[in-house]
Every structure is written in C-alpha cells, then in structure tokens.
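Undergrad: Quick one: the structure is below, questions incoming.
The values are calculated or read from the model by the stated rules, or taken from the named source; none is laboratory data. If you're wondering where the values come from, they're calculated on a predicted model, not measured in any experiment. Surface areas here come from the heavy atoms of the whole protein model, side chains and all, with no ligands, DNA or RNA. Shrake-Rupley method; radii C 1.70, N 1.55, O 1.52, S 1.80 Å.
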Amino acid sequence: METELNIQVNSKLANKYKGGYPLVTKQVMNHTGHLEEGALINLVDERNIFIGKGYYGKQNKGYGWILTRNMDEKIDQSFFERKIKAALDKRKSFFNDKETNAFRVFNGEGDGIGGFTIDYFDEYYLINWYSKGIYAYSDHVITSLKNLAQYKAIYQKKRFREDGKFIEEDGFVEGERGQFPIIVKENGVNFAVYFNEEAMVGVFLDQRDVRRTIRDKYAEGKTVLNTFSYTGAFSVFAAKGGAAKTTSVDLANRSLPKTIEQFSVNGIDYEAHDIIVEDVFHYFKYAGKKNLKFDVVILDPPSFARSKKMTFSAEKDYKNLLKEAIVITENNGVIVASTNSASFDMKKFKGFIDAAFKESNCKYEIKEEFTLPSDFQTISQFKEGNYLKVVFVKKLKG
C-alpha cells in the first residue's frame with residue numbers, strides 16, 4: 001500500500017476537493033487504468049499541486065475516499081487509531097447513557113475515513129466494510145479497536161461483493177462469540193439483535209430519535225400502521241407508548257417471526273397487534289376498499305425495492321406512496337414520512353409531501369422533522385452523508 005499514484009483533476013473538480021469534498025468519484029478515476037483496491041492515491045490540480053490523499057475502493061457511492069489534506073501524513077496504524085479514538089471520545093455521553101446501549105461509534109467519512117462504520121451493541125462492536133479497498137486496511141481498524149476499547153467481542157460484515165457474490169459468514173473476529181440474540185436497549189426499550197445472520201442486524205440505529213418521539217408524543221390511545229416494518233421496531237415503540245393497536249406490514253416472510261420476537265423481548269402480547277406479511281402497496285388497496293383508517297401511519301420504505309410485479313424508487317415514487325397513505329389516515333392523524341435516500345435533500349422531500357397533499361385535495365401541517373442523530377456524525381462538505389429525512393405531517397380536517 002506504500003506506492004501512491006498521482007491523479008490530476010481538472011480545475012472544476014479540483015475546487016470541489018479543495019473545499020473538502022471527500023468522495024472519489026468515477027470522473028476522477030476515469031483514465032487511471034487498473035488499480036488494486038486499497039491503493040493510495042494523491043489528487044493534484046492542473047499545476048500538479050497536491051490537494052488530498054486517499055484510497056481507491058469501489059462501492060455503491062463512488063470509487064474511494066480522501067483521507068487527509070496533509071501530503072506528509074502517513075495512512076498507517078497510528079492514523080486509524082487517532083481517528084477511531086477521536087470518534088470514541090465524541091460518543092462519551094452515549095457510553096454513559098443508562099437507557100441506551102446501542103449506537104454508532106464511527107460513521108465513515110463523518111469521522112474522517114469513508115468506507116466503513118462501527119456500531120456498538122452493549123460491549124459488542126460491529127464493523128461494516130463497504131468496499132474491498134477499505135477492507136485492505138482492516139487490520140489497522142481491528143487493532144485500533146483492540147487497543148482503544150473494552151469489548152466482549154468484535155464482529156464484522158463485508159457489504160461488498162467478492163467474485164460477484166456477497167460473502168456469507170458469521171463475521172466473528174475477536175473476543176468471545178456472542179449467544180444470539182443479544183438483547184440491547186434503546187431509550188429503555190429492548191431489541192433482539194443478530195450479527196451472525198444477514199447484512200441487517202434487526203434494528204436501524206439511525207431512527208432512534210424518531211422512535212422515541214413516536215412513543216412519547218404520538219402513540220397513546222392511537223391506532224398505528226407501520227409499513228415496510230422490517231422487525232417491527234416502530235410498532236414496539238408505539239405499543240410502549242400506549243397505542244391502542246399497531247399493525248405491521250412487510251413483504252418479507254422473516255418479518256413475522258422477527259416482529260413477534262421484538263414484541264416478546266419487551267413483554268408485549270404480540271397477539272394483541274396485527275403483523276401482516278404482504279406487499280405494502282396491496283395492503284393500501286385492501287385498506288382503502290375496507291375503509292380502514294389509522295391515527296398514525298409510518299412510511300419508511302427502502303430507497304429502492306423490486307418485487308415480482310413492480311419496482312419502487314423513493315425519488316420517483318414517494319409522492320404516490322404518500323397519496324395512498326393520505327387516503328387511510330384519519331383527519332387530524334399523523335403520517336411519519338421517512339426516507340434514507342441520499343439522492344435528494346429535505347427541501348425536495350418536503351416538495352413531494354406538498355404535492356401529494358395538494359393532489360389529494362388535503363391540507364396539512366408539518367409538526368416536526370428529523371435528520372440523523374448525533375452519533376451518526378456527518379460533515380457539511382458531504383451533504384449526501386446526511387441521508388435521513390423524517391417529517392411528521394398532520395393531515396388537517398376539511
């Protein structure tokens with residue numbers, strides 16, 4: 001990894017990178033020929049003046065990340081250790097929180113090294129690698145964690161393809177193997193998590209503040225529909241907040257046993273709630289025909305999804321999804337509109353909301369909005385990194 005390739009970028013791109021933009025784009029790598037993943041690269045301007053040093057690593061976002069603007073800084077063990085220590089120090093308040101022991105401790109480029117994240121689950125650390133390029137530095141990251149953190153175990157997930165396939169493995173790296181599920185806490189609510197199954201562990205940590213808000217301010221006495229419900233985390237928080245009933249809908253067969261499990265580890269009678277394995281779009285049609293209405297409707301679809309009959313893209317289809325939700329939301333009810341799509345910003349997202357209500361001849365009021373919680377550190381020079389957009393929208397009567 002010692003050889004560093006100089007890559008010259010045009011003045012327009014040079015200004016972008018000089019301004020702190022961290023993602024190495026396809027445009028930058030267009031004329032470099034074959035490079036080994038993990039290779040160090042130096043971006044220089046048209047006068048060969050150094051801009052930044054990073055690594056080459058293909059992932060869905062781009063082709064690598066800038067790591068330093070200091071030409072003499074070495075990308076070695078001490079570099080990774082400094083960055084990870086700074087990230088852990090920033091999360092001290094989380095480590096001291098008695099009600100929450102699941103959170104993010106390193107958020108990629110937001111903490112200075114794009115391409116991987118580290119999550120903490122009650123003394124278990126989980127590293128997600130998003131390219132072969134950053135995985136080339138895995139020893140540095142793992143050694144840093146071993147030097148800096150107290151842990152029961154370290155696990156990892158390779159979220160990139162090797163030989164055209166995602167590698168399925170239990171992901172154990174160091175320490176004592178966990179007995180799954182591990183039960184963690186978020187704002188006093190239990191979650192069952194697994195590191196030894198698929199890419200997802202059972203809960204999306206970035207929605208922590210949204211779940212708490214639903215429980216504390218919107219759930220009591222209400223009927224709640226949770227669409228694209230995954231393991232039912234929103235439903236559990238709504239039930240803990242005193243919801244009259246929750247209905248969880250997801251197409252994946254696993255959503256039924258997983259949601260039952262999340263209710264059960266919180267001592268909630270899952271049979272008092274509806275858990276439905278069905279395409280959400282079919283369920284909307286069914287609910288419309290049956291004239292079902294809900295006080296709270298949670299819309300948190302994937303950015304992109306494909307079923308046998310249709311394809312959903314948040315950027316193209318969220319407005320129409322909202323229109324279907326408006327039909328089955330009670331007057332003065334609330335829609336929790338959420339997306340993790342990085343391809344548009346909050347202003348555009350609010351434009352979808354406005355268009356959906358106008359086309360439905362309904363008035364609305366925005367009650368509150370959320371982006372990523374503070375443990376999901378972001379930087380202003382990379383706005384795409386602050387991908388989460390959640391808006392609580394009240395459907396007004398008349």
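Undergrad: Cα centroid distance between the stretch 1-35 and the stretch 54-80, in Å?
TA: So the two Cα centres are separated by 11 Å.
Undergrad: Additional query: What order do ARG215, ARG104 take when sorted by accessible area (1.4 Å probe), most exposed first? Let's see the in-between values first.
TA: Values: ARG215 50, ARG104 30 Å².
Reading off the accessible areas and sorting them downward yields ARG215, ARG104.
Undergrad: A further question follows. Measure nothing but the geometry: give the 0 to 90° angle between the long axis through the Cα atoms of 346-359 and the longest principal axis through the Cα atoms of the chain, rounded to 10°.
TA: On a 0 to 90 degree scale, this one is about 30.
Undergrad: Once you order the gyration tensor axes a ≥ b ≥ c over the Cα atoms, which shape class does the stretch 191-265 get: rounded for a/c under 1.5, otherwise prolate or oblate by comparing a/b with b/c?
TA: Here the stretch 191-265 falls in the prolate category.
Undergrad: If you take the square roots of the eigenvalues of the alpha-carbon gyration tensor of the stretch 43-173 and sort them as a ≥ b ≥ c, do you get rounded (a/c under 1.5), prolate (a/b over b/c) or oblate?
TA: It is oblate, given that a/c is not under 1.5 and a/b is not larger than b/c.
Undergrad: Helix 255-264 versus the longest principal axis of the chain: what is the Cα-based angle in degrees, 0 to 90, to the nearest 10?
TA: For 255-264 against the chain, the angle is about 80 degrees.
Undergrad: In percent, how large is the relative contact order of the stretch 1-147, given Cα pairs closer than 8 Å and 6 or more residues apart?
TA: This gives 22 percent for the stretch 1-147.
Undergrad: Could you give me the ³J(HN,Hα) list for the stretch 316-324, computed from phi with Karplus coefficients 6.51, -1.76, 1.60 and θ = phi - 60°, whole Hz, x at Gly and Pro?
TA: Using θ = phi - 60°, the values come out as 8, 10, 5, 4, 5, 4, 4, 4, 5 Hz.
Undergrad: Which entry is the computed Rg/Rh (Cα atoms, Kirkwood Rh) for this structure: (1) 0.95; (2) 1.04; (3) 0.99?
TA: (3)
Undergrad: Considering only DSSP beta bridges whose two residues both sit in the chain, what percent are antiparallel, to the nearest 5?
TA: 60 percent
Undergrad: Residue-wise, which Karplus ³J(HN,Hα) couplings in Hz belong to the stretch 111-119, taking 6.51 cos²θ - 1.76 cosθ + 1.60, θ = phi - 60°, and x for glycine or proline?
TA: Per-residue couplings from phi come out as 10, x, 9, x, x, 8, 10, 10, 10 Hz.
Undergrad: To continue, here is another question. Determine the share of the chain's accessible area contributed by carbon and sulfur atoms, expressed in whole percent, with a 1.4 angstrom probe.
TA: It is 46 percent, rounded to a whole number.
Undergrad: Put ASP279, ASP354, ASP345 in order of accessible area, largest first, 1.4 Å probe: what do you get?
TA: ASP345, ASP354, ASP279
Undergrad: Normalised by the empirical 2.2 N^0.38 Å for globular proteins, what value does the Cα Rg of the stretch 58-123 take?
TA: Ratio of Rg to 2.2 N^0.38 Å for the stretch 58-123: 1.28.
Undergrad: Right, another one. Answer rounded, prolate or oblate for the stretch 325-398, using the Cα gyration tensor with square roots of eigenvalues a ≥ b ≥ c: rounded when a/c is under 1.5, else prolate when a/b is larger than b/c, else oblate. Don't jump to the answer; show the numbers that get you there.
TA: On the way: a/c = 3.19, a/b = 2.16, b/c = 1.48.
Note, shape of the stretch 325-398 comes out prolate.
Undergrad: Using heavy-atom solvent-accessible surface (probe 1.4 Å) with all chains present, what is the largest-first order of LEU148, LEU299? Intermediate results must be reported in sequence, preceding the final value.
TA: Numbers: LEU148 60, LEU299 0 Å².
Ranked from most to least accessible, the order is LEU148, LEU299.
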